[in-house]
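Structure first, then comments.
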Amino acid sequence: MNHSRLPIMTLTLAGVAALLTIAPLSPSRAQDQQTAPVMAKTPDEAAYVKTYQHFRMDEEEIVKHGNGSFEQGMNELGERGYNLLFVTSTAEAGKAGFHYFIRSPYAAGAVRPRFHYKRLDSGSIVQLGGGSFSDGLNKLSPENWELVAITTTSTGNVGWHYFKRVE
């Protein structure tokens, strides 16, 4: 291991760990702490936003947000301009942890980017590629799907693959 990079890796891992421990702020607390990251339980629809907006949701909250459909919940958030940053993993196969989103500052009248999301397991990707995982990934490229997050289990098995594209 290159020991000259060890302090950088340690700081990076410490930063990720700190982000994962941020508790959601209530709207009233968020207003009192202007310098703190704003983690809202549900996204707001303000006409003018000066700062980046951050929030996290677990899988159940996204399903509720999508009226019983995970994909619909993700896509509704994408329609509002929320970009998926990353997804935490869980020990349970077939489950995801928290989904972290960000939305860029927005001025009234500006066009906000809209994102569309797709979540596939490894088997679906292999099937899409006619038995080849790599071919399955390559079949998503012409449709402008970008791989943005992957979850794993505590045993290292891959869970979900999250794709997005800008609409």
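Points worth noting:
- Considered as a group, the residues in region 100-109 that are open to solvent by less than 50 Å² (accessible area, probe 1.4 Å), farther than 16 Å from Phe163 by Cβ and of a type in the set (A, V, I, L, M, F, W, C) include one that is modelled with the highest pLDDT, and that residue is Ile102.
- Residue match in region 148-155 (condition: assigned to a loop (DSSP other than H, G, I, E, B) and loosely packed, with under 13 Cβ neighbours inside 10 Å): yes
- Members of region 78-99 that are open to solvent by 70 Å² or more (accessible area, probe 1.4 Å) and at pLDDT 80 or above: Glu79, Leu85, Phe98
- Residue count, region 138-155 (criterion: over 19 Å from Glu71 (Cα atoms) and without any contact (Cβ under 8 Å) to a residue 60 or more places away in the chain): 5
- Scanning region 112-122 for residues that are open to solvent by less than 50 Å² (accessible area, probe 1.4 Å) and over 17 Å from Ile62 (Cβ atoms) yields Arg112, Ser122.
- Criterion applied to Asn75, Asn67 was being surrounded by 14 or more Cβ atoms within 10 Å (Cβ to Cβ) and at pLDDT 85 or above, and the one residue passing it is Asn75.
- Filter result for Leu85 (out of contact with any Phe, Trp or Tyr (no Cβ under 6 Å at 6 or more places or on another chain) and of a type in the set (A, V, I, L, M, F, W, C)): no
- When we screen Ala18, Ala46 for residues that are open to solvent by less than 60 Å² (accessible area, probe 1.4 Å), assigned to a helix (DSSP H, G or I) and modelled with pLDDT under 65, the only hit is Ala18.
- Here Lys164 meets each of (1) of a type in the set (Lys, Arg); (2) free of Cβ contacts under 8 Å to residues at least 60 places away in the same chain; (3) open to solvent by less than 70 Å² (accessible area, probe 1.4 Å) with one exception, condition (2).
The values are calculated or read from the model by the stated rules, or taken from the named source; none is laboratory data. Small disclaimer: the values here were computed from a predicted structure and weren't measured. Neighbour counts run over all protein chains shown; Cβ positions are idealised from the backbone, glycine included. Ligands, DNA and RNA are excluded from the accessible area calculation, which covers all protein heavy atoms including side chains. Shrake-Rupley method; radii C 1.70, N 1.55, O 1.52, S 1.80 Å.
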